[in-house]
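Quick notes on the structure that follows.
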Amino acid sequence: PFTVFAPTDDAFNALPAGLLDTLLADPMGVLTDILLYHVVDGEAPSSSLSDGQMVMTLNGEEVTVTINMDGVFINDAQVIVADILADNGIVHVIDVVLVPGNSATQNLPFIRDAVSVFPNPTSGQLNIDRTMDVDSELNFELYNIYGQLQSTWRSKVATDVINLSGYSDGKYILKISDFETFVSYKSIIIQ
């Protein structure tokens, strides 16, 4: 039996343009690494998961389980449907494609942790901090969970504070890009 963290179609559609085609062109390469990062050996129903738990995936890297008042998360991906029983295990539907941190994925045209955002969840102020040396202007796009663009802005500064107090409570996706090769997606919760 296996446990699969299955991204929604919207999660795949949120990947940078052309990335999925690039991955599918070499199915035995990085795509295999990413897919195996979504699978755990054995059944892991939601009742067996605990906050802070590290779970080994079939690609040899661990994912982190976070359980809080906002839900259950696998790394930054929220579990939106849990415990779907299958003939050979359990499926948990998640809202973001998980990306392992191994060297095989470092050539992807986006970098996962180059920009940090905090606090998350936020009640209004969102701090943005570049954790890598990006000299270019960054473009920010805020989407609601239905994929509708809510706001855009640009910034050249290393740290920035964004006021999100005018937005409804809920989950949002923040797309950060430099118009060339750097793209990062962050799940943001406003409460």
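The values are calculated or read from the model by the stated rules, or taken from the named source; none is laboratory data. Source: prediction; values computed, not measured. Note that each Cβ is placed from the backbone with ideal geometry, even for glycine, and that neighbours are counted across all protein chains shown. For accessibility, only protein heavy atoms count, side chains too; no ligands or nucleic acids. Shrake-Rupley method; radii C 1.70, N 1.55, O 1.52, S 1.80 Å.
Quick one: in segment 101-118, which of the residues that are β-branched (Val, Ile, Thr) and not in a loop (DSSP other than H, G, I, E, B) is modelled with the highest pLDDT? The qualifying residue modelled with the highest pLDDT is Val117.
Of the candidates Leu98, Leu126, the single residue that is modelled with pLDDT under 90, closer than 30 Å to Lys156 by Cα and not in a loop (DSSP other than H, G, I, E, B) is Leu126. The one condition from (1) within 15 Å of the chain's Cα centre (by Cα); (2) modelled with pLDDT of 90 or more that Gly52 does not meet is (1). Checking each residue in segment 151-176 for being under 19 Å from Pro119 (Cβ atoms), open to solvent by 70 Å² or more (accessible area, probe 1.4 Å), modelled with pLDDT of 85 or more and not in a loop (DSSP other than H, G, I, E, B) picks out Val161, Asn163. The single condition among (1) at pLDDT below 85; (2) open to solvent by less than 80 Å² (accessible area, probe 1.4 Å); (3) not in a strand (DSSP E or B) that Phe179 does not satisfy is (2). Only one entry of Leu58, Leu24 meets the criterion of being touching a Leu at 6+ places or on another chain (Cβ under 9 Å), open to solvent by 30 Å² or more (accessible area, probe 1.4 Å), more than 26 Å from Ser116 (Cα to Cα) and at pLDDT below 90, and that entry is Leu24. Within segment 61-83, the only residue that satisfies the criterion of being among the β-branched types (Val, Ile, Thr) and open to solvent by 70 Å² or more (accessible area, probe 1.4 Å) is Ile80. If we scan segment 3-14, do we find a residue that is aromatic (Phe, Trp, Tyr) and either at pLDDT 95 or above or open to solvent by 80 Å² or more (accessible area, probe 1.4 Å) (or both)? The answer is yes; a qualifying residue exists.
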